[in-house]
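Single-structure report; data block below.
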Amino acid sequence: MSSRNQVSSSVEPIPQEPWVKLPNGDELKSWSRDDEIAFNQNNRQVEKYRFFVKTFDFLTDNRVRGDYHEFGCHRCRTFRMALTEARRHNVDSMKFFAFDSFEGLPNSSGHSVEIWQRGALATPVDEFMRMVREHGIYVDRVTPIKGFYSDSLTPTLQKRFLDNESKISLATIDCDLYESAVPVFEFIEPLLQEGSVLYIDDLFAGYKGSPSKGVAKAFREFRTRSRFRFVRHLDIGWWGRSYIAYIDPAMSHEEIDL
């Protein structure tokens, strides 16, 4: 029997030393790699959902109105979180756009994550939409946009969004790789507004936390040329962070750390 059935995935306070419940040696005796993966996934998804709960509260309280864009939609996890919190906050005008190859990752190299290979993390578009329909929230306002970002995020598509859609209120950028992130930031630049929130997943993943590689590098480069400034907002686990866009004409484009 898997030991994860006996070991809680949450941090539980107790009224004595060491003040939190820690599994002991007996409880972890049969702990396996599968248990570790399930434990990590549970904690990571909880952290992400907490972010969406807090951020939709921020957006509605600050009257930041617009659409939801998600870049990297594997398993429809965070996408369903966004749908849920939009409904909980009665955001009835928001549209939801899912940008993904729906064929997994493109070719990549230089990172430390073994599973980040071509074709990995693939959720076919039909499977994605099936999960959206089963979730049953704002289904008619969900639009998948299929293709690798270097091919799909064209100037024509950008103009279509500028002409016909609302600005971005929240964007989730979960594209893992530098090569994927660069066209994403270029695409969203004219769609941002003051108060737009960017949740950048994998900011510290895949490259041993280096800000000079991966998605972190793409974001740093983007910040030096964007007309927006970005204030640090919330940390999401050890891997991600959100930022709020604002305009300050007096601020220069000096080199910016994360």
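The values are calculated or read from the model by the stated rules, or taken from the named source; none is laboratory data. Keep in mind the model is a prediction, meaning the values are calculated, not measured. Note that we place each Cβ from the backbone using ideal geometry, even for glycine, and neighbour counts take in every protein chain shown. In case anyone asks, the SASA skips ligands and DNA or RNA and just uses the protein heavy atoms, side chains included. Shrake-Rupley method; radii C 1.70, N 1.55, O 1.52, S 1.80 Å.
Percent antiparallel among DSSP beta bridges with both residues in the chain, to the nearest 5?
Roughly 40 percent of the DSSP beta bridges within the chain come out antiparallel.
For Asn164 and Asp26, compute 0.36 nm times the residue count separating them, minus their Cα-Cα distance, and round to one decimal in nm.
Extending this stretch completely gives an extra 43.7 nm.
Which of the pairs Lys167/Lys217; Lys21/Lys213; Lys29/Lys213; Lys159/Lys208; Lys54/Lys159 have their Cα atoms more than 29 Å apart in this structure?
Exceeds cut-off: Lys21/Lys213; Lys29/Lys213; Lys159/Lys208; Lys54/Lys159.
Note down the nm distance, to one decimal, between modelled labels 7 Å out along Cα→Cβ at Glu36 and at Lys217.
2.8
Return the sequence-ordered ³J(HN,Hα) values of region 222-237 in whole Hz as given by the Karplus equation 6.51 cos²θ - 1.76 cosθ + 1.60 applied to θ = phi - 60°, using x for Gly and Pro.
Whole-Hz 3J(HN,Hα) from phi for region 222-237: 4, 5, 6, 10, 6, 6, 9, 9, 9, 9, 4, 10, 10, 8, 10, x.
Starting with the highest mean, order 179-188, 163-172, 11-20, 197-206 by the number of other Cβ atoms within 10 Å, averaged over the residues of each peptide.
Ranking the peptides 179-188, 163-172, 11-20, 197-206 by packing returns 197-206, 179-188, 163-172, 11-20.
Give the carbon-plus-sulfur fraction of the accessible surface of the chain in %, rounded to a whole number; probe 1.4 Å, heavy atoms of protein chains only.
Whole-percent figure for carbon plus sulfur exposure: 50.
Using the Cα centre of the chain as the reference point, and only Cβ charges (+1 on K/R, -1 on D/E), how large is the resulting charge dipole? Debye, rounded to the nearest 20.
340
Can you run phi through the Karplus equation (6.51, -1.76, 1.60; θ = phi - 60°) for region 68-85 and list ³J(HN,Hα) in whole Hz, with x for Gly and Pro?
Values, residue by residue: 9, 10, 10, 10, x, 10, 3, 6, 6, 6, 5, 4, 5, 4, 5, 4, 4, 6 Hz.
Subtracting the Cα-Cα distance from 0.36 nm times the residue separation, let me have the gained length for Thr224 to Lys54 in nm, one decimal.
Here the segment from Thr224 to Lys54 would lengthen by 58.4 nm.
Given labels modelled 7 Å from the Cα in the Cβ direction, how far is it in nm from Asn43 to Val125?
Placing both labels 7 Å along Cα→Cβ, they lie 3.7 nm apart.
Show me, for region 25-40, the HN-Hα J-couplings you get by feeding each phi into the Karplus relation (A = 6.51, B = -1.76, C = 1.60, θ = phi - 60°), rounded to Hz, glycine and proline as x.
Result, ordered by residue: x, 5, 5, 9, 4, 9, 4, 10, 5, 4, 4, 4, 4, 5, 4, 5 Hz.
Taking amide H positions as placed 1.01 Å from N in the peptide plane, with prolines and chain starts having none, which residues 5 or more places from Ile145, or on another chain, fall under 5 Å of its amide H?
The list, which skips near neighbours in sequence, is Ala98, Phe99, Asp100.
What accessible area per residue, rounded to a whole number of Å², is obtained for region 138-258 using a probe radius of 1.4 Å?
Spelled out: the 1.4 Å probe surface of region 138-258, per residue, equals 43 Å².
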